[in-house]
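Please read the structure below before turning to the comments.
Each reported figure results from applying straightforward, stated rules to the coordinates on display, with no laboratory input. All values reported here derive from a predicted model rather than from experimental measurement. Cβ atoms come from the backbone with ideal geometry, glycine included; neighbour counts cover every protein chain shown.
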Amino acid sequence: MRGFCGCKFRCFIYDFRAVYKYSDKTIVHAASGTDYQEFRSHFTEGERVYGYVRIETGDELSKRAKFAFITWIGEGVGALQKAKVSTDKASVKQVVQSFAVEILANDPEELDFDHVKSVLVKAGGANYGTGK
């Protein structure tokens with residue numbers, strides 16, 4: 001069975017992550033898994049990386065799975081490589097098509113789990129829980 005991203009893993013499992021990186025001039029599926037810290041470790045200063053993450057949001061009344069598409073451009077990436085990200089991202093989006101938010105990041109703090117989750121919660125609309 002193939003998941004949403006076309007990889008051999010089941011992307012719809014709880015808190016799924018997928019990473020796409022450059023291998024020479026080709027974008028390849030670099031990693032999959034459920035550990036967020038392992039996912040985050042792929043986003044380094046000198047690389048352009050695309051990430052796809054599933055996070056469960058909601059409150060005690062309802063739980064919802066939300067997906068985020070993350071484009072990372074590290075501080076050490078050259079100007080020409082930065083410019084190519086916009087066109088290359090369109091190719092990745094042909095594979096990763098279903099997501100609630102898109103995050104363009106170049107600061108490691110923007111990859112914090114709590115930050116990504118808060119962006120997804122804001123995109124989810126009304127939150128009717130009691131706050132428990």
Completion exercise
D (µm²/s, integer) via Stokes-Einstein for region 16-132, Kirkwood Rh across alpha-carbon pairs, 20 °C, 1.002 mPa s: value 143 µm²/s
Handout entry: Dipole magnitude (debye, nearest 20) for region 25-82, charges at Cβ of Lys, Arg, Asp, Glu
Key = 300 debye
